[in-house]
Amino acid sequence: MGDPQGFLKIKRKESGYRPVEIRINDYSEVEQTLPDDARMSQASRCMECGVPFCHWACPVANVMPEWQDLLFRGKWRDAYEVLQETNNFPEFTGRVCPALCEASCVLSINDDAVTIRQNEVAVIEKAFEAGYVKARPPRRRTGKKAAVIGSGPAGLACADMLNRAGHTVTVYEREDSVGGYLRFGIPDFKLDKKIIDRRIEVLRKEGLVIRIGVSVGQDISAEELLKENDALCIAIGARKTRDLPIEGRDLRGVHFAMEYLAQQNRIVRGDPISDRDLIMALNKNVLVIGGGDTGSDCVGTANRQGAHRVMQIEIMPQPPKNRTAKEPWPLWPRLYKTSSSHEEGCERRWNIVTKKFIGENGSVKKVLAAQVEWKEESGKTVMAEIPGSEFEIDADLVLIAMGFEHVIHEGMVKALGISLDGRGNIAVDRDFMTSRKGVFAAGDAHRGASLVVWAIHEGRCAAEAIDRYLSED
Ligand SMILES: Cc1cc2nc3c(=O)[nH]c(=O)nc-3n(C[C@H](O)[C@H](O)[C@H](O)COP(=O)(O)OP(=O)(O)OC[C@H]3O[C@@H](n4cnc5c(N)ncnc54)[C@H](O)[C@@H]3O)c2cc1C
């Protein structure tokens, strides 16, 4: 432990965001960085607890106390080496992870948690800058072949681990670029896409083959891939979006959040979008339906596009600002969050149900909504509309950000005939194998819509299991 009194002397210091009036004009990352000495002081706040709950809470089991100590001592390279042992892509999680670890930091019981996520991104950025991150191709090849379908964080983590183990791995991606929702989902102002390209370059140098623009189930069948390979990992995400099939859903100006966000990612990289397809918030009253992170990303994007007004509504009640007895430390609490996008301007309302989209000449103009209340009835929480509470919201662009149902069944999943779980995602056994021998699944496709860090964890677990399977073969 670097400084046994660090946590008593140093207060938590955030990297902070660029000023709203500046960042709102561009799509560059909003989060800033601290100078090295300040970052090292922040790491000194880690108490190196006997039972490190941060490590317990982290899906990839990062060993936080070890690399906080190394960081405090200025041993950036060693900190990087320890970090990369458990996390293939700290540059992604260091930017976008909600930091389950920090909610479980022992210091957070009566003080502010260690800035673990921000320390993580500082360590990995230093590692890239100083040239510590180098291609480390495997010394020998096993002669076994594996195919990974999907290049999101789950597919990439799985492919990276299998490649490191010496297997010959090909990733198949249906889009024209690698990264899944990291690329076409998460806005550039949270994750610059150069960060993905930089990692892909390393992975390719290590011998990973990535074939973009190949939709498995359409351009090539999974059966063919099975014949050509010794194992298959399905990491295609949970991409069936939850819809709102109410009156007026087919009006112009009502879109899924994902159409909107993915399109903006493409605009930022310079893709031309036709006037007919363009979804633009400029001068519009924008209504985002869904109070989660995807909704928040829509808010940030709409403000950058010059929206007249942005409102975000949620059917559930406003979460509490502090932990409740139902979610005691060290559990992850569902708390009221103000994201950088919310800071940029947005009216937020809770307990609102959307009843109808109202149009004029085929385009949405208003939304009919009502206030609801949630009550406990016979041990269940039930929703009831408050009589007479209906009201209209002006809206000429509506973005539906109500989450995802499950993996898409049509196409490859159906063709393979693999079993699904009760929620419609791909069922796997303890070894991440599906009901078909040699076919594995990882990430959102198996877990349901989740987090980048869980996708990386599942990719790693599936790779470990596939490696065992290939070794037995
Ligand atoms: C807008 C948005 C914001 C988010 N923000 C955050 C955040 O801030 N922090 C966080 O931790 N998580 C966030 N998430 C969640 C996170 O991005 C996902 O949990 C994660 O990307 C899941 O990884 P995955 O690899 O399982 O799937 P995905 O990222 O969905 O990748 C699946 C890949 O498979 C490809 N594919 C699908 N079908 C085929 C096929 N038949 N053939 C070939 N390729 C195919 C897809 O094109 C895609 O590239 C966000 C999600 C969204 C949508």
Distance (nanometres) between label positions extended 7 Å along Cα→Cβ at HIS409 and GLU247: 3.1 nm
Kirkwood hydrodynamic radius (C-alpha pairs) into Stokes-Einstein, the stretch 6-129, 37 °C and 0.692 mPa s, D in µm²/s: 224 µm²/s
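Hey, what number do you get for the chain at 222 nm if only DSSP H runs of n ≥ 4 count, each worth -39500 (n - 2.57), divided across all residues, to the nearest 500?
Calculated from helices alone, the mean residue ellipticity at 222 nm is -9000 deg cm²/dmol.
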Alpha-carbon Rg with Dmax, taken over the stretch 68-164, Å: 16.0, 54
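Gain in length, LYS75 to ASN361, computed as 0.36 nm per residue apart minus the alpha-carbon separation, to one decimal in nm?
96.5 nm
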Translational diffusion coefficient (Stokes-Einstein; Kirkwood radius from C-alpha pairs) of the stretch 209-337 at 37 °C, 0.692 mPa s, in µm²/s: 176 µm²/s
Viscosity 1.002 mPa s, 20 °C: Kirkwood-radius Stokes-Einstein D of the stretch 160-280 over Cα pairs, µm²/s: 127 µm²/s
Directionally averaged projected area (convex hull, Cα atoms, the chain), nm²: 24.4 nm²
Linear extension gain, GLU175 paired with ARG334, 0.36 nm per residue minus alpha-carbon span: 53.9 nm
Amide H within-cut-off set for THR241, under 5 Å, with H built and near neighbours excluded: GLU405
Per-bin percent of Cα-Cα distances, the stretch 360-450 [5 Å]: 3, 11, 14, 12, 10, 10, 12, 12, 10, 6, 2, 0
Distance (nanometres) between label positions extended 7 Å along Cα→Cβ at SER419 and GLN218: 3.0 nm
Principal axis box of the stretch 101-151, alpha-carbon based, largest edge first, Å: 54, 29, 20
J(HN,Hα) series, the stretch 119-130, from Karplus relation 6.51 cos²θ - 1.76 cosθ + 1.60, nearest Hz, glycine and proline x: 5, 4, 5, 5, 5, 6, 5, 4, 5, 5, 4, 7
Part-to-part distance (alpha-carbon centres) for the stretch 7-59 and the stretch 210-239, which is given in Å: 39 Å
Relative pair counts by distance (%), Cα atoms of the stretch 177-229, 5 Å bins: 5, 16, 19, 19, 18, 15, 6, 2, 0
Separation in nanometres of the label points that stand 7 Å from Cα toward Cβ, at ILE109 and GLU392: 5.6 nm
Positive minus negative residues near SER221 (Lys, Arg vs Asp, Glu; Cβ under 13 Å): -2
Heavy-atom surface of the chain, accessible at 1.4 Å and reported per residue (Å²): 46 Å²
Convex hull of Cα atoms in the stretch 243-402, direction-averaged projection (nm²): 11.4 nm²
Net charge dipole size for the stretch 243-402 [Lys, Arg +1 and Asp, Glu -1 on Cβ; Debye, nearest 20]: 340 debye
Accessible surface of the chain, 1.4 Å probe, proportion on carbon and sulfur as whole %: 50 percent
Long-range amide H partners of PHE256 with built H, under 5 Å: ILE400
In order through the stretch 282-295: 3J(HN,Hα) via Karplus (6.51 cos²θ - 1.76 cosθ + 1.60), integer Hz, x for Gly, Pro: 3, 6, 9, 8, 9, 10, 9, 9, x, x, x, 5, 4, x
Fully extended contour minus Cα-Cα distance, from ASN283 to ARG468, at 0.36 nm per residue: 61.0 nm
Karplus-derived 3J(HN,Hα), 6.51/-1.76/1.60, for each residue of the stretch 13-21, Hz, glycine and proline x: 10, 7, 5, x, 10, 4, x, 3, 5
Rounded to the nearest 10 Å², the accessible area of LYS321 at probe 1.4 Å: 140 Å²
Cβ-based net charge around GLU48, under 11 Å, with every Lys or Arg adding one and every Asp or Glu removing one: -2
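The values are calculated or read from the model by the stated rules, or taken from the named source; none is laboratory data. Treat the numbers as computed from the prediction; the structure is a model and nothing was measured. Counting neighbours? That spans all protein chains shown, and the Cβs are built from the backbone with ideal geometry, glycine included. Heads up: the accessible areas ignore ligands, DNA and RNA and are worked out on the full protein's heavy atoms, side chains in. Shrake-Rupley method; radii C 1.70, N 1.55, O 1.52, S 1.80 Å.
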